[in-house]
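Input: a single structure, listed below in structure tokens.
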Amino acid sequence: MKRLLLLAALTLSGIVHAEKIAVSKTEVYFDNNENGKQTVDVFNLRPQNTTYFATRIQEVVNPEKGAKSALVELTDPVTAGLIVTPNKSAIRPHQGQSPVTIVNINPHLEKERVYRVDVKPVVGGVDSVSDAQLKVLLGYDILVHVQPDEPVFTYSVRHDGDDVYLTNTGNTHFVMLNGEQCDSRKRCATLPEWYLYPGVEARIPFDEDKQLARYRLIMRGQEPRNITLNKGGN
């Protein structure tokens, strides 16, 4: 499955494939701004040949805007708060794979930072051509979440007619799962999942015959919360 950056949806786990490479995972988390490192393996899908790849760090400036958010390339580790090595590498024939190491060096954070680490195969040796000369092929994005030092798991609920709006009022994202909307006879319909960044509001419209909605809210490192939302605030 080719990787697309969809901040408003959950990312599927597992190995994903490009034309010449595969990566072992497409999301990385640093809970509570833990200064540590994580490794993503890059696999050579053409084991008889040498495959070259390059990496790049970009920050998702406004993750609450989803795919419309601006991206800013970061090259200074101090400003970035993130180190990714190597920036260029080669996987030799029969070597199989090569690790990419992601290191979080953020100091105190009051709000979650979100990055996109590009891993892309390139044409040409990593030592023989410059960045400007590298021909980039189809690659993948690794979404990196760095939680604040003290994650805050809060939300607010408001009603507008029969609709209910739930807003993330905390400082890091959470996910709304297992949503269902039920009528008085306990006949239920499934509701969509939400990936809620701070400041994002989820609208939950009620069908005419439905009376309540349920969701399970999940934030990493916190106890899940089960909520019930009543139609019209009743």
Practice problem: Mind listing whichever residues of the stretch 146-171 are at pLDDT 95 or above, surrounded by 16 or more Cβ atoms within 10 Å (Cβ to Cβ) and touching a helix residue (DSSP H, G or I) at 6+ places or on another chain (Cβ under 9 Å)? | Solution: Val146, Gln147, Pro148, Pro151, Asn168
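Would you check which residues across the stretch 69-122 are closer than 23 Å to Gly170 by Cβ, part of a strand (DSSP E or B) and not hydrophobic (A, V, I, L, M, F, W, C) and list them?
Looking only at the stretch 69-122, we keep the residues that are closer than 23 Å to Gly170 by Cβ, and these are 69-70, 81-82, 104, 106-116.
Those left that are additionally part of a strand (DSSP E or B): 82, 104, 113-116.
Residues satisfying the conditions are Asn104, Arg113, Tyr115, Arg116.
Looking at this structure, is Tyr140 surrounded by 14 or more Cβ atoms within 10 Å (Cβ to Cβ), within 26 Å of Gln58 (Cα to Cα), at pLDDT below 95 and not hydrophobic (A, V, I, L, M, F, W, C)?
Details: surrounded by 14 or more Cβ atoms within 10 Å (Cβ to Cβ): yes; within 26 Å of Gln58 (Cα to Cα): yes; at pLDDT below 95: yes; not hydrophobic (A, V, I, L, M, F, W, C): yes.
Taking the combined requirement at face value, the residue satisfies it.
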Quiz item: If Leu229 satisfies every condition in (1) assigned to a loop (DSSP other than H, G, I, E, B); (2) in contact with a strand residue (DSSP E or B) (Cβ under 9 Å, 6 or more places away or on another chain) but one, which is the exception?
Solution: (1)
Self-check item: Filter result (more than 17 Å from the chain's Cα centre (by Cα) and either surrounded by 15 or more Cβ atoms within 10 Å (Cβ to Cβ) or aliphatic (A, V, I, L, M) (or both)) within the stretch 59-79
Solution: Leu74, Val78
Exercise. Quick one: Gly125 ticks every box in (1) at pLDDT below 95; (2) within 18 Å of the chain's Cα centre (by Cα) except a single one, so which number is it?
Key: (2)
Quiz item: What are the residues in the stretch 203-219 that are at pLDDT below 95, under 28 Å from Val114 (Cα atoms) and surrounded by 14 or more Cβ atoms within 10 Å (Cβ to Cβ), if any?
Solution: Ile204
Self-check item: Filter result (modelled with pLDDT under 90 and assigned to a loop (DSSP other than H, G, I, E, B)) within the stretch 30-68
Solution: Leu45, Arg46, Pro47, Gln48, Asn49, Thr50
Quiz prompt | Scope the stretch 81-122; condition hydrophobic (A, V, I, L, M, F, W, C) and either modelled with pLDDT under 95 or within 19 Å of Thr50 (Cβ to Cβ) (or both); matching residues | solution = Ala90, Ile91, Val100, Val119, Val122
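The values are calculated or read from the model by the stated rules, or taken from the named source; none is laboratory data. In this text the structure is predicted, and so the values were computed from the model without any measurement. As a convention, Cβ positions derive from the backbone with ideal geometry for all residues, glycine included, and neighbour counts pool all protein chains shown.
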